[in-house]
Structure formats: structure tokens, C-alpha cells
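Asker: Let me begin by handing over the structure; questions about it come next.
Just so it is clear, none of the values below were taken in a lab; they were calculated from the coordinates. These numbers come from a predicted model, not from an experiment. For neighbour counting, all protein chains shown are included, and Cβ atoms are generated from backbone atoms with ideal geometry for every residue, glycine included.
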Amino acid sequence: MDIQTFDTTPFPDQKPGTSGLRKAVSVFQKPHYLENFIQSIFDILEGLQGQTLVVGGDGRYYNRQAIQIILKMAAANGVARIKVGQDGILSTPAVSAIIRKYQALGGIVLSASHNPGGPKGDFGVKYNISNGGPAPEKVTEAIYARSKVIDKYYILNAPDVDLGTLGESKLGEMVVEVIDSVQDYQELMESLFDFDRIHQFLTSGNFRLCIDSLHAVTGPYAHALFEQRLGAPAGSVQNSIPLEDFGGGHPDPNLVYAHDLVEVLYGENAPDFGAASDGDGDRNMILGRKFFVTPSDSLAILAANAKLVPGYQDGLAGVARSMPTSQAVDLVAKRLGIDCYETPTGWKFFGNLLDAGKATLCGEESFGTGSNHIREKDGLWAVLFWLNILAVKQQSVEEIVREHWQAYGRNYYSRHDYEEVDAGKAKALIDNVRSQMPNLPGKQFGKYEVEYSDDFSYTDPVDGSISENQGIRIGFTDGSRIVFRLSGTGTQGATLRIYLESYEPDTAKQNLDPQEALGNLIAIADEIAQIRTFTGREQPTVIT
Ligand code: VG1
Ligand code: CO
């Protein structure tokens, strides 16, 4: 074996964020940059030699080159076997499923998720552990610590591996197994949902759907599942060819960036159901005909109807949501008599709850929903869950949501993002809000009185680890909330996120536009945070 050892010096900026290390492609292309980070991962993994790893990515620009480097480094570091998706393609949920199914030590996902791709876009590397989930903070901290002192990396001198052909080959002593990107994932989905019933429903002639893969990783998965297996007519999945630059778009399934889909669902002769996924396939947006389902509501509705779905017919052990996610699911948990956990933003915080059997369904307001079937959020799983419920209930999406509001009340919800704000100004804004925290409780803003104000801190109920400063919460006596936090996934400047929530039990008042229903809270958020003054922005970049 021709193992080459390279001397290297640390890069100071290899600290993983909410979901892995994300940087502009040009940063990853700097000599040794990717290699340093990958070697840092390998260096902190105990017992890596002789193990199996899973590798794949969302097909964005630099995916192919990065995979070749990782394969050769893995071979040089004594990994026994790598399972890699055909053409380097694996969605984040598929990687999680494959790690679990084959008891791999872990996996590397190459994606910057919803961030744009292409030579001028972003790239990212995420490490997942043996439960299939994102590395917890103690692991990402160890990787970061290692990256600050690294001085050598190892790589096999060998020609590139052919990733187009399924099957096994040798790279030095390591076996490279090119696997079908979809098969293991599809089998898992078939074990959870009533595919026969969904097939019947989709071929009945009474129901039409449109799935938008935004030219990202879910294209092949959605095509295989919805068109080939479940009988939806050809063309039901749009933008289904993964492109290195996602066709120039943001592969982010929200009302702003998934505009093709929004046009279809809000247009003439709209279909009954629409859904979109993000770059790496872990997010989902659900639409009915001319109707948007808030991700927080989606989580609550899946929880309330879980028993209609074979994989969850015995009920839920518990549910969990990230702190900024609306409290709609809390109300469902209360009625079901199960626990509801509140975690910091980021899927890694659900891992222990899922492993310990404390939660079955989890969700985030950022279009993320998932369950104990894997350890990542899962976009197409959520779509199938909805289709299974729709097939059983034979109601429209809008009817199901409205009935849910009638039964539980409506949690009006919105998130305002200010993207690419000057980092110093964003920090000053947060510091300013933080400095007001002690004086806010008891303070009156119109009809709203502040009940509490804190910087969210989480103690993991399974391993006792503590995560502090996870976002500033301002809670009002009527249950409304405003949350301020800075994004941990951006690559340019800072992204300020403001989350707004209010509760409306009165069915007569559940038909407002959320921006209108939340108007007072939006004004209070601005009064407290002086958003315009600090950011210089008149309005948010994205409202969801
Ligand atoms: C965002 C979302 C968060 C999500 C994370 C990763 O993080 O708010 O809920 O878990 O992205 O999702 P932040 O720190 O930018 O708010 V993904 O689909 O990018 O893996
Ligand atoms: Co994602």
C-alpha cells in the first residue's frame, strides 16, 4: 500500500455548527482544508481500524472530489469497508438508515443542506455516530479540538474509484462497496407505512400530488417511491434530477425558495397535495391545495394521528421539539398523556431521547420532522406519513389541519430571518436583548405582560450534559412567546432568527393570516430588540 503522510498546519475555523462544518466551496478547496477536517474526525474515533463507515452526499458541487479524497484517507487510516452511495449520492436520512442497518461505526455526510451549492455556493461535512445520528456536542468539540493541533494526515496514493457501478472493489486493503442510493431507505419506509393503501389512494383518480425535489438529493428517492412504487403518474415529481448547483436555487423547502411548487399548489387546477425537500433530504414542506401547513403544526398533527400508521399503531412513547418550535405538539402530548421534551435547536439533541426510548416523534419549526426509525430528520418520511393519514382519513389537508385547530386550538406561528447581517451588529443586538432580560418580567406591552425571560439552557435528561445560551426566550402570561437566536448554519455574516408564537383557542379567530395574528408580537419584538436600528434592515429576508 502506498500511504502518503502529509505535514499540515491547523486551520482555526473548523468548528462544527448546528449541523456539521459548513463553509464556502472555495474554503473547502484550499489545500489541506478538507483533509485536515477528515483526519481530525478519524483521529478522535476510537477503534476506527477494521470498521465500516458510510459515505455519501447530496450531489452538490465538490461532492465527487471530496468523496474520492475521503475514500483514500479512510483506506490509509485502516478502515475495513466503506459503503458509498452510487455516484456519491445518499440523502442524510438514508445515511442514518444505512449506518443503523449495517451497524457501521459511523458515516460522513457531504452536504450544506439548504444552503445554495455550485462553485460559488457552500459545501459541508457532517459526521454521524453509530446510532445513525449527528455527532453530539462532546464529539464535535473533540473534532474541533483535534483540528486546532493537527499536524499530519494520511492518504492512499491510488487512482479514483469508479462510483458509477454498483458492487465491491478494493482500495488498498479497504473494500469500497458502491450501493444503490435508494434501496435500503425504501425498504425501511415500506416497513413503516401502508404502501398498498397509499398506492390505492394515489391511483384512485381522486387525488393528485406534486413533489418538488428542488434539483437536490431527494429526486431519485421521490421518483422511486412515489412514481415507481406508489403509482403516482409520471411527472408527479418535479425538479427531480440532482444538479451540482441545484439549478441555481436555494434548496430550501419554504414558501419563498420552493416557488415552483407554490405556484402549482396555489395555481389553477391545483393538485390536492404538495411537498418539497431540501438539499440533503432531511427537511419537508407540506402543502394542501392553496394551503400551507406550518412545520410545527405538521409535527402536532402527525403525533395526534400516529395510530393510523402501521409503524406507530401502538402509540408514541413521547414526543420532542426544539425550543423555538411552537407548542402545538405539547397540547397533543398532554391529551395523549405522554411526555413532551424541549431541546435546543439541532437534531443532535434528539439522539439520546430517541435512543433511550423516551421520544418516538421529534420535530423542529425549520421544516424538520422525524422519528425513532432513524436518528435524523427525514423529509420523505414525513411526506409518506401525511399520505398514509390522508389515505385513511379521506379528507383534504386543509380539513385535517382545521379540525386539529378546532380540537386543540391554533398556535399561530412565524419565523422572521434576517440573513447575512453584519456579525458584529447581530451580536450587539443579542447582547442588548440579553441585557434587558432581568427587567422584562412583569413589564407590560399593550395587552401583553412578560411572564419570564431567559437564555435557554438544556440539561440532557439521559446523560446530564448541559448546553447553555441556546436562544433568548421571552414568554408572556397568555402563553405567547418571542425567541431570538443566531443561526449556526450560515456561512456569511450572521443570520438573526426571530420566532413568534401565540395561542388561539377560539375557533372563530383561527382564520387570520399569521402575520396579522402575530402583528402585536412582531411590534413588541422590534421594540425590545430595535431590529431596524441594529441591522439597518427594514424587513426580514425570509418570513416563514
Ligand atoms: C437550522 C435550523 C435547525 C436545523 C439546522 C440544520 O439551524 O434552524 O432547526 O436543525 O438548520 O438543518 P440554524 O442554527 O441555522 O438555525 V439542515 O436541514 O441544514 O441539516
Ligand atoms: Co437538511
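Asker: Starting from the Cα of F6, step 7 Å along the direction of its Cβ; do the same at D196; then give the gap between the two resulting points in nm.
Answerer: About 5.5 nm, to one decimal.
Asker: I've got another one for you. Could you compute the net charge surrounding K307? Neighbours are other residues with a C-beta less than 14 Å from the C-beta of K307; K and R count +1, D and E count -1.
Answerer: Result for the local shell: 0.
Asker: Return the lysines within reach of K427: Cα separation strictly under 28 angstrom, same-chain partners fewer than 8 residues apart disregarded; answer none if there are no such residues.
Answerer: Once the sequence-local lysines are set aside, what remains near K427 is K15, K23, K120, K126, K138, K148, K348, K443.
Asker: Counting other beta carbons within 10 Å of each residue's own, what order do F476, F123 fall into, fewest first?
Answerer: F476, F123
Asker: Let me ask something additional. About the Cα centre of the chain, how large is the charge dipole given +1 on each Lys and Arg Cβ and -1 on each Asp and Glu Cβ? Please answer in debye to the nearest 20.
Answerer: That gives the chain a dipole magnitude of about 460 debye.
Asker: If I model a spin label as a point 7 Å beyond the Cα along the Cα-Cβ vector, how far apart are those points for T507 and L166 in nm?
Answerer: With each label point 7 Å from Cα toward Cβ, the separation is 5.2 nm.
Asker: Under 12 Å from the Cβ of M73, count the other residues' Cβ atoms, weight Lys and Arg +1, Asp and Glu -1, and hand me the total.
Answerer: Spelling it out: positives minus negatives among the neighbours equals 0.
Asker: While we're looking at this one, here's another question. Tally Lys and Arg at +1 and Asp and Glu at -1 over the other residues with C-beta under 9 Å from the C-beta of A104: what net charge comes out?
Answerer: So the environment of A104 carries a net charge of +4.
Asker: Under 19 Å between alpha carbons, and skipping anything fewer than 8 positions from K101 in its own chain: which aspartates and glutamates qualify?
Answerer: Correct list for K101: E168, E177, D180, D184, E187, E190, D282, D355, E376, D378.
Asker: Given R₀ = 41 Å, FRET efficiency for D431-S204 by Cβ-Cβ distance, to 0.05? Mind dumping the intermediate values first?
Answerer: Numbers: r = 57 Å, r/R0 = 1.39.
It comes to 0.10.
Asker: Also: If packing is taken as the average count of other Cβ atoms within 10 Å, what order do 367-374, 6-13 fall into, highest mean first?
Answerer: Descending packing order for the listed peptides: 367-374, 6-13.
Asker: Next question, about the same structure. Roughly how far apart, in whole Å, are the Cα centres of the stretch 187-210 and the stretch 94-164?
Answerer: Distance between centres, Cα-based: 33 Å.
Asker: Return the distance in nm (one decimal) between the two label points of a simple spin-label model at A423 and E187, each offset 7 Å from Cα along Cα→Cβ.
Answerer: Between A423 and E187, the label points sit 4.5 nm apart.
Asker: Express in nm, to one decimal, how much length is gained between K447 and A145 on full extension, taking 0.36 nm for each residue of separation and deducting their alpha carbon distance.
Answerer: Values: separation 302, 0.36 × 302 = 108.72 nm, distance 4.87 nm.
Length difference between fully extended and current span is 103.8 nm.
Asker: Which shape class, rounded, prolate or oblate, goes with the chain when its Cα gyration tensor gives a ≥ b ≥ c as root eigenvalues, a/c under 1.5 marks rounded, and past that a/b bigger than b/c marks prolate?
Answerer: Oblate is the answer for the chain, as a/c is 1.5 or above yet b/c matches or exceeds a/b.
Asker: So between R532 and H259, what do we pick up on full extension, going 0.36 nm a residue minus the alpha carbon distance?
Answerer: Numbers: separation 273, 0.36 × 273 = 98.28 nm, distance 2.73 nm.
Gain in length upon complete extension: 95.5 nm.
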